[in-house]
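Note sheet for the following structure.
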Amino acid sequence: MTKIAVIGSGLIGRAWAITFARGGYEVALYDREDGAPAAARQYIASVLPSLAEFDLLGGDQPDDVLGRIAIAASLAEALDGATHVQENTPENLEIKRGVFSELERLAGPDTILASSTSAILPSAFSEHLKTRERCLVAHPINPPYLVPAVEIVPSPWTSAEASQRTATLMRDAGQSPIVMKNEIDGFVMNRMQGALLDEAFRLVSDGYASPEDVDIGIREGLALRWSFMGPFETIDLNAPQGVRDYVQRYKGIYQTIGPSQQRRVDWTGPVLDTIEADRRARLPADQLGDRQAWRDRRLMALAAHKRQSDHDTNS
């Protein structure tokens, strides 16, 4: 059985452990903080029955998946025999540079060293390494066991083999890799999300719409299509002759809108008071945890629906 080392057992690390174990891999979970891996494994045990309820364990039982997750007593033990390392330490460049130095020293020469970082370019934490060609970013949307997209981000010196091996691993684990050609700040998903958030903040700040109306526009509008297709397929299907026809018909609309979208709003300015007041009126702070649990169950239901729908459509 292929072994995956998950380094760091916090929010992202424990989610990756579920993802890889569900995919049939042996997972070694390690954290420098005493007791953290045991707490993570206990959390995982509490989540697996819900995933089984929605048939999201690939036909396995919760105990089968949990049985593939072992706690490693040391970093060396976690890395011993691992073909892939998924690092999940804090978003701090110096910490990651130090961790990757240790990973390079202890991991086998053919082991891929991947970081879950959402903001740090792979070149920044790998430039000092002797075997930096095997280092890259594999950034998920949390939790990856419910949201399959994962960004494979190479540095200028990451080998094509390392990127392809990682993409293959992710596909085999049930994920949907975005194999980037070059590194860029924000990668793909945060750049697209950032563009949408910038416009959302502008619309509220300039008094054109309330926070809830913006949320309705996504929740009850665009997201219904975006839950099963991306922006390019959307416009390809929104004109009789496809994407070129769409551009010829509607490019003028977006050219008119464009200049007004160049000004950034200070997210920490007065608009934040408006948005926070609206959100807390709709969801008191002491109910955030319950709503997060609700969100995860909705994601489970959506994942189950999409899988069944894909099966029914393709059968």
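Where a number appears in this text, it was derived from the coordinates with a stated rule and is not lab data. It should be emphasised that the depicted structure is a prediction, and the values quoted were computed from it without experimental measurement. Cβ sites come from the backbone with ideal geometry, for glycine too, and all protein chains shown count toward neighbours.
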Towards the positive end of the charge dipole of the chain, with charges on Cβ (+1 Lys, Arg; -1 Asp, Glu), say which of Leu75, Gln261, Pro144 has the farthest Cα.
Gln261
How big, on average over all directions, is the shadow cast by the Cα convex hull of the range 131-221, in nm²?
7.3 nm²
So if I average 1/r over every pair of distinct C-alpha atoms in the range 189-282 and take the inverse, what Kirkwood radius in Å does that give?
15.0 Å
Is the C-alpha gyration tensor of the range 227-297 telling us rounded, prolate or oblate? Criteria: a/c under 1.5 is rounded; beyond that, a/b larger than b/c is prolate, otherwise oblate.
oblate
Select from the range 1-86 those GluC sites (Glu not before Pro) which occupy a DSSP coil region and have at most 13 other Cβ atoms within 10 Å, ordered by residue number.
Glu33
I need to check one value: relative contact order of the chain, counting alpha carbon pairs closer than 8 Å and at least 6 residues apart, in percent.
14 percent
For the chain, set up a Gaussian network in which alpha carbons nearer than 10 Å are linked by springs, and say which option among Asn88, Asn238, Asn142 fluctuates the most.
Asn238
Could you work out the helix-only [θ] at 222 nm for the chain, with each DSSP H run of four or more residues adding -39,500 (n - 2.57) and the total divided by the number of residues, to the nearest 500 deg cm²/dmol?
-15500 deg cm²/dmol
Mind putting a number on the dipole of the chain about its Cα centre? Charges go on the C-beta only, +1 for Lys and Arg and -1 for Asp and Glu, and I need it in Debye to the nearest 20.
540 debye
Starting from the alpha-carbon convex hull of the range 1-153, give the projected area averaged over all orientations, in nm².
8.1 nm²
If you line up the long axis of helix 243-257 against the longest principal axis of the chain, both from Cα atoms, how many degrees apart are they, to the nearest 10?
70 degrees
Limiting things to C-alpha atoms, what are the Rg and the maximum Cα-Cα separation (Dmax) for the range 109-176, in angstroms?
11.7, 36
Considering every pair of different Cα atoms, what Kirkwood radius, in Å, is found for the chain?
21.6 Å
If one takes the longest principal axis of the Cα atoms in the chain, at what angle in degrees, from 0 to 90 and to the nearest 10, does the Cα axis of helix 288-314 lie?
90 degrees
